[in-house]
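The values are calculated or read from the model by the stated rules, or taken from the named source; none is laboratory data. The structure displayed is predicted, hence computed values, not measured ones. Please note: Cβ atoms are built from the backbone with ideal geometry, for glycine as well, and neighbour counts cover all protein chains shown.
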Amino acid sequence: MSIVKTVIRWLLGIIVLLLVVSLSLNALSYFNFNFTYGFLRLKQAAIATGWYLPAYYAHVLAAGLILVLGLFQLRTTISLRWRKLHRFLGKCYAYGILFFAAPGGLVMSFFINRGPWVLTSFLIQSACWFSFTALAVRAVKKGNIEEHARWMWRSYALTFAAVTLRLYVFLFTSSYDMSAPEAYGIIAWLSWTINLVAVEIYLSLRSSSMV
């Protein structure tokens, strides 16, 4: 039974890694700074305001890095074996969110134009993303490693929403009209709330096993 669990854990890990790396590579492809490249072709009106493009690059380019960094930061074996590297990458992850990805995502939320439900979802997600990461930083500065780890898990749950959002869109596009604000609104909320629920369950189970 333990072998089966190990195999399943490895398979899930590989799938998650592939999803994260593929999305990160796509995000980092925007380093070409071509204002008409890819998704940006659809946002020319937003770009014309002067607000959208700086926010987009701050969010997308930082997110392309922190998606990968955060995934490895959660590995306990890595954090224990290479502590200096863990601290350095942790700072890159946390400050990448606090100074670039979260503020950029907050500004981008006002240019989605998918209705109030979608706007509210992304605004709350960005605020929680910033807050959870800031709380993780505060905890580690106080020397509270367990609290730091818990807030980092919550932070990465919101980071990983970039992956789950696209997964849900891919899965439900054939059944629902994603151009409808209601349909996209449901997907937007589910993309990060389910992640947080899953992390809270995991943290609860981990706490119970340590008692």
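Among 126, 121, 155, which is the only one that is over 19 Å from residue 69 (Cα atoms) and modelled with pLDDT of 95 or more?
Every option except 121 fails the conditions.
Hey, any hits in the range 76-92 for a residue that's crowded, with 18+ Cβ neighbours inside 10 Å, of a type in the set (Ser, Thr, Tyr) and under 17 Å from residue 140 (Cα atoms)?
yes
Out of the residues in the range 49-63 that are of a type in the set (Phe, Trp, Tyr) and buried (at least 20 other Cβ atoms within 10 Å of the Cβ), state the one that is farthest from residue 25 (Cα to Cα).
Going through the qualifying residues, I end up with 52.
Going by the conditions given, is residue 104 part of a helix (DSSP H, G or I), at pLDDT below 95 and within 24 Å of residue 47 (Cα to Cα)?
When the stated conditions are applied, residue 104 does not pass them.
Limited to the range 116-164, what total is found for residues that are out of contact with any Gly (no Cβ under 9 Å at 6 or more places or on another chain), closer than 14 Å to residue 199 by Cβ, surrounded by 20 or more Cβ atoms within 10 Å (Cβ to Cβ) and of a type in the set (A, V, I, L, M)?
Total satisfying the criteria: 3.
I need the full set of residues from the range 1-48 which are surrounded by fewer than 11 Cβ atoms within 10 Å (Cβ to Cβ) and in contact with a Phe, Trp or Tyr (Cβ under 8 Å, 6 or more places away or on another chain), in order please.
Once the filter is applied, which keeps residues that are surrounded by fewer than 11 Cβ atoms within 10 Å (Cβ to Cβ) and in contact with a Phe, Trp or Tyr (Cβ under 8 Å, 6 or more places away or on another chain), the range 1-48 yields only 33.
Across the range 96-149, which residue is farthest from residue 162 (Cα to Cα) among those that are in contact with a Leu (Cβ under 8 Å, 6 or more places away or on another chain) and of a type in the set (Gly, Ala, Ser)?
134
Residue check, residue 99 against (1) at pLDDT below 95; (2) surrounded by fewer than 18 Cβ atoms within 10 Å (Cβ to Cβ); (3) of a type outside the set (S, T, N, Q); (4) under 23 Å from residue 24 (Cα atoms), all met but one. Which one?
Of everything listed in (1) at pLDDT below 95; (2) surrounded by fewer than 18 Cβ atoms within 10 Å (Cβ to Cβ); (3) of a type outside the set (S, T, N, Q); (4) under 23 Å from residue 24 (Cα atoms), residue 99 misses just condition (1).
Pick out the one residue from 158, 65, 119, 74 that is without any contact (Cβ under 8 Å) to a residue 24 or more places away in the chain and among the aliphatic types (A, V, I, L, M).
119
Could you go through the range 165-181 and let me know if any residue there is within 19 Å of residue 97 (Cβ to Cβ), of a type outside the set (D, E, K, R) and surrounded by 16 or more Cβ atoms within 10 Å (Cβ to Cβ).
Yes.
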